[in-house]
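Written out below as structure tokens is the structure these notes cover.
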Amino acid sequence: MAQPVLSVRSLEKRVRNRTLVKDVSFDVYPGQVFGFLGPNGAGKTTTIRMIVGLIRPTAGEITIGGYKVRTDPLRAMQEVGCIVENPDMYPYLSGRENLLQLARMQGVEAVHRIDEVAKLVHLEDRLDDKVRTYSLGMRQRLGIAQALLNNPKLLILDEPTNGLDPAGIRELRTFLQALAKDGLAVFISSHLLSEIELLCDHVAIIRDGSVIKTGAIDTLLAGTADDVSWRVDKPDAARRVLEDVLRSHGIVAEVTESTKGSLICRMTDDLVAEAVSNLEAHGCKVFEAARRRISLEDFFLQTTSGAAV
Amino acid sequence: MFWQLVSNEIVKMLRKRRFQVVMAILLVLMAVFSYAEHEAILVMVRQLGTTDWHVRLQQEITHDLNRLHNPFASAAEKAGIQATLAEAQYELSHNINPYAPGAPSFMHTFMDEGITLLIPLFVIVIASDMVSSEMSGGTIKMLLTRGVSRTRILASKLVALFLLVAMLFAAIAITSYVVSGAFFGYGGFGLPVIMGFQTSANGTVDISHVYTLPQWEYLLMTFGLGFFACLAVASLAFMVSTLVRSTASSMGIMMAGLIAGTLLTALASNWTLAKYLPVVNLQLMNYLNGTPPPVAGMTFAFSLGVLVIWSAAALVISFQVFARKDIMG
């Protein structure tokens, strides 16, 4: 694989004896949409602030596009576009003037790109209105436009789905995936896991300041056993049959009943086949036997609750 | 590139309308002051029963002489009275009309009086916002993640602030001329102004070095010194603005300091250490016309030095802190 665009190595931040972030490491490659997940207060924003040079790490190394943030911060930041926490802009200026303010800091090419990025985020019609009159969704889009002005290799978005309606979120998803297809690395933090699952291919999960899992979503989820849910006509009889099947293979597992009346247990494909024939033999009609893929949200709750780690 | 940053800062300040509000207040104040002064002259003429300025000046001298014999007047007050007395006598004997009306005279008075409180207040209103507003608005994160060094960004803000103070002074000059001219007429740039009185602490006045300057030359000096004093105020407010997150508290701190300082100036003769405070040294133009300083032993060079040292220290602290600061939420 190519060189990582963003490489974070054993990052640590301490403020007056409190460790906000410790031993955080991960790599983000070109073309990846990388999700940075964790509950509120886990250290996501602190980590992002260190990546973009707003906060000085107590220990560890951050490299962006080959430049070390500690020793070469200006060169490193020229490779980055970012929104930290909220899309920040001057409400008393128009969208265009806001873009111009930042573009002028980054040179002539950025100034020439203003119309291009405005079109990219579909703001060209409202560009000359004051930002004060923008909705939160439009501010998010203007924020992304600001971040893209310098044609970055790495786009960092902190909670980008905040304030977006479902249509806006879907639009953002296709937009970011298109950007990633062109080779941009996108780094997204969020606590909304269902969004991230659809958006990202790789994730790092952070809790209490440390990264506890990192990798491709598919690989992470493949390691977990999957539940099978059964819809049958006689749940009580069926429960006994299922428990017998499990026990006969030496598995001590519980069969639980979901709120909708279907039975849920964990078993492999072979056992499912055996259970189906046994149920029929016992006169239970099977309407549905469905394997439920564990969602990132379930995985996240298992991982962050501590018990399952 | 650097000037693009400076122009960004000036655009922001002008679009925020903070500068315009200051200008509007200035215009109203000028009109009120001019009107009040105009009325005062009419009342004076009615009381004296003549428009002859010799009569008025003679009355002032008599009044001052009486005050001088007041047993309750302190030595410092007496020195002040001696100075005005000497000036009046000099004017009378050289046939110079100190009350000659005209827009330039008004400008001169406005700057002399305004520099103690009013003009520094305007400077503080502008300067306190420079850095704090970016902190409280969150936009500082955008500024600092653009691949431009923090020192450069702060320097551009400082240069923009100094330019804005210069614009403020130009605006004061223009508005005070235009507005007061409507009351007093627009001539009078050539009128003589008396310079070179030297008042010692014990109240003796040395008139051996007295000379006159045309009004316009005196105005240039007054505005120049006022500008210099206000750059010192701007530097201090700029430091507070870098240290404090909210514009309101940064403005509050500076205003409290300024007002406490003007009160101190009145009391300072009893507390000599006060002469090392910047606010006590703002009235640089008083050294031009021989008004005794608030604390004995202060000289023009001393005041300049105090202002320069405070400003330099404030700017060093601003840049040091800003370059290292962690921008937390």
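The values are calculated or read from the model by the stated rules, or taken from the named source; none is laboratory data. The structure presented is a predicted model; accordingly, all values stated were derived computationally and were not measured. With ideal geometry, Cβ positions are generated from the backbone for all residues, glycine too; neighbour counts draw on all protein chains shown. Keep in mind that these areas ignore ligands, DNA and RNA; they rest on the heavy atoms of the full protein, side chains included. Shrake-Rupley method; radii C 1.70, N 1.55, O 1.52, S 1.80 Å.
Selection of first residues in region B:18-37 that are closer than 21 Å to B:ILE126 by Cβ and of second residues that are buried (at least 16 other Cβ atoms within 10 Å of the Cβ) and charged (D, E, K, R), restricted to Cβ pairs under 7 Å at least 6 apart or on distinct chains, gives the following pairs, ordered by first then second residue: B:ARG18/B:ASP129.
Identify, by number, the condition in (1) among the hydrophobic types (A, V, I, L, M, F, W, C); (2) surrounded by fewer than 19 Cβ atoms within 10 Å (Cβ to Cβ); (3) within 30 Å of A:ALA281 (Cβ to Cβ) that A:ALA216 doesn't meet. Every listed condition holds for A:ALA216 apart from (3).
Taken over region B:222-240, residues that are open to solvent by 70 Å² or more (accessible area, probe 1.4 Å) and in contact with a helix residue (DSSP H, G or I) (Cβ under 6 Å, 6 or more places away or on another chain) amount to 0. Checking each residue in region B:276-293 for being in a helix (DSSP H, G or I), open to solvent by 40 Å² or more (accessible area, probe 1.4 Å) and closer than 23 Å to B:MET255 by Cβ picks out only B:TYR276. Residue under question is A:GLY60, and the condition is that it be at positive phi, out of contact with any Leu (no Cβ under 6 Å at 6 or more places or on another chain) and open to solvent by less than 40 Å² (accessible area, probe 1.4 Å); does it hold? It is false that A:GLY60 is at positive phi, out of contact with any Leu (no Cβ under 6 Å at 6 or more places or on another chain) and open to solvent by less than 40 Å² (accessible area, probe 1.4 Å). Do we have any residue at all in region A:149-163 that's modelled with pLDDT of 90 or more, open to solvent by less than 50 Å² (accessible area, probe 1.4 Å) and farther than 20 Å from A:SER7 by Cα? Looking for residues that are modelled with pLDDT of 90 or more, open to solvent by less than 50 Å² (accessible area, probe 1.4 Å) and farther than 20 Å from A:SER7 by Cα, one finds at least one in region A:149-163, hence yes.
Identify the single condition in (1) part of a loop (DSSP other than H, G, I, E, B); (2) at pLDDT 90 or above; (3) within 25 Å of the chain's Cα centre (by Cα); (4) among the β-branched types (Val, Ile, Thr) that B:VAL165 does not satisfy, given that it satisfies every other one. Single failed check for B:VAL165: (1).
Look at (1) among the hydroxyl-bearing types (Ser, Thr, Tyr); (2) facing chain B (nearest Cβ under 9 Å); (3) out of contact with any Asp or Glu (no Cβ under 7 Å at 6 or more places or on another chain); (4) within 18 Å of A:VAL186 (Cα to Cα) and you find that A:THR45 fails only one, number (3). Against the conditions (1) touching a residue at least 60 places away in the same chain (Cβ under 8 Å); (2) more than 7 Å from chain B (Cβ to nearest Cβ); (3) among the acidic types (Asp, Glu), A:GLU61 satisfies every one except (1). Each residue in region A:219-248 was checked for being in contact (Cβ under 8 Å) with a residue 40 or more places away in the chain and assigned to a loop (DSSP other than H, G, I, E, B), and 5 of them qualify.
Can you find, within region B:59-77, the residue that is modelled with the lowest pLDDT among those that are open to solvent by less than 90 Å² (accessible area, probe 1.4 Å) and within 13 Å of B:ALA88 (Cβ to Cβ)? By that ranking, first place goes to B:LEU68. What's the number of the only condition in (1) within 29 Å of B:GLY297 (Cα to Cα); (2) touching a helix residue (DSSP H, G or I) at 6+ places or on another chain (Cβ under 8 Å); (3) in a loop (DSSP other than H, G, I, E, B) that B:TYR186 fails to meet? All conditions are met except number (1).
Restricting region B:145-157 to residues that are modelled with pLDDT of 95 or more and open to solvent by less than 20 Å² (accessible area, probe 1.4 Å), which is nearest to the chain's Cα centre (by Cα)? Result: B:LYS157. Filtering region B:304-325 for residues that are under 25 Å from B:LEU220 (Cα atoms), of a type outside the set (A, V, I, L, M, F, W, C), open to solvent by 50 Å² or more (accessible area, probe 1.4 Å) and touching a helix residue (DSSP H, G or I) at 6+ places or on another chain (Cβ under 9 Å) leaves an empty set. Determine if region A:100-108 includes at least one residue that is touching a residue at least 24 places away in the same chain (Cβ under 8 Å), of a type outside the set (Gly, Ala, Ser) and open to solvent by 70 Å² or more (accessible area, probe 1.4 Å). No, region A:100-108 contains no residue that is touching a residue at least 24 places away in the same chain (Cβ under 8 Å), of a type outside the set (Gly, Ala, Ser) and open to solvent by 70 Å² or more (accessible area, probe 1.4 Å). Among the residues of region B:138-153, those that are at the interface with another protein chain (Cβ under 7 Å from one of its Cβ atoms) and either in contact with a helix residue (DSSP H, G or I) (Cβ under 9 Å, 6 or more places away or on another chain) or within 17 Å of A:VAL69 (Cβ to Cβ) (or both) comprise B:THR139, B:LYS141, B:MET142, B:LEU144, B:THR145, B:ARG146, B:GLY147, B:VAL148, B:SER149. Looking only at region A:100-109, residues that are part of a helix (DSSP H, G or I), facing chain B (nearest Cβ under 9 Å) and not polar (S, T, N, Q) come to 4 in all. Does at least one position in region A:241-262 carry a residue that is within 30 Å of A:HIS202 (Cα to Cα) and either at pLDDT 80 or above or open to solvent by less than 90 Å² (accessible area, probe 1.4 Å) (or both)? For region A:241-262, residues within 30 Å of A:HIS202 (Cα to Cα) and either at pLDDT 80 or above or open to solvent by less than 90 Å² (accessible area, probe 1.4 Å) (or both): absent. Within region A:120-153, the only residue that satisfies the criterion of being away from chain B (no Cβ under 12 Å), under 15 Å from A:PRO91 (Cβ atoms) and small (Gly, Ala, Ser) is A:SER135.
For every residue, the table says whether it meets (1) within 13 Å of another protein chain (Cβ to nearest Cβ); (2) open to solvent by 10 Å² or more (accessible area, probe 1.4 Å); (3) touching a residue at least 40 places away in the same chain (Cβ under 8 Å).
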{"site": "A:GLY31", "(1), (2), (3)": "no, yes, yes"}
{"site": "A:ASN40", "(1), (2), (3)": "yes, yes, yes"}
{"site": "A:TYR67", "(1), (2), (3)": "yes, yes, no"}
{"site": "A:ASP72", "(1), (2), (3)": "yes, yes, no"}
{"site": "A:ALA76", "(1), (2), (3)": "yes, no, no"}
{"site": "A:ILE83", "(1), (2), (3)": "yes, no, yes"}
{"site": "A:TYR92", "(1), (2), (3)": "yes, yes, yes"}
{"site": "A:ASN98", "(1), (2), (3)": "yes, no, yes"}
{"site": "A:ALA118", "(1), (2), (3)": "no, no, no"}
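Residues that are of a type in the set (Phe, Trp, Tyr) and open to solvent by less than 80 Å² (accessible area, probe 1.4 Å) within region B:17-50 comprise just one, B:PHE19. Is it true that B:THR50 is out of contact with any strand residue (DSSP E or B) (no Cβ under 8 Å at 6 or more places or on another chain), away from every other protein chain (no Cβ under 14 Å), over 23 Å from B:ILE172 (Cα atoms) and not in a helix (DSSP H, G or I)? Here the answer is yes, as B:THR50 does meet what is asked.
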